[in-house]
1. What is the local net charge at LEU38, summed over the other residues whose Cβ is closer than 12 Å to its Cβ (Lys, Arg +1; Asp, Glu -1)?
2. Tally Lys and Arg at +1 and Asp and Glu at -1 over the other residues with C-beta under 15 Å from the C-beta of LYS26: what net charge comes out?
3. How high is the relative contact order of segment 20-105, in percent, counting Cα pairs under 8 Å that sit 6 or more residues apart?
4. Taking the mean number of other Cβ atoms within 10 Å as a proxy for protection, how do you rank 68-74, 25-31, 40-46 from highest to lowest?
5. Under the rule of at least 5 residues apart or a separate chain, name every residue whose amide H is placed under 5 Å from the amide H of GLN18.
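Just so it is clear, none of the values below were taken in a lab; they were calculated from the coordinates. Being a predicted model, the structure only gives us computed values, none of them experimental. Heads up, the Cβs are rebuilt from the backbone with ideal geometry, glycines too, and the neighbour counts pull from every protein chain shown.
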Amino acid sequence: MRACILCIALLCSGCAHQAQDSWTGKDKAQHYVSSALLAAAGSEIAHHQQQDNAQNLRFGLMFSLSFGAAKELYDSRAAGSGWSWKDLAWDAAGAASGIMLWNIRH
């Protein structure tokens, strides 16, 4: 239930100031790589907390996506570049890749 409320809040917060960016902007690789690293790091942190594999993966994914969502929320302020669903999509793709790579290792 909390996850649904958070998703609704994020969806509504992203509507105020939209970015006018492309799918292949130069920052997209940065979003992808940083999200992949954060997801793998989050999974490793959960692993060291003696969590099971499913919990490791969930924590890593949410750890990474929370940084991406926070960045977009920061960008959506009046002085920012605007909320970018494209950046968030690259964050999600990077997080999924980071989770898969971390899972291969374990």
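1. Once positives and negatives cancel, what remains is -1.
2. The answer is -1.
3. With pairs under 8 Å counted, the relative contact order is 44 percent.
4. 40-46, 68-74, 25-31
5. TRP83
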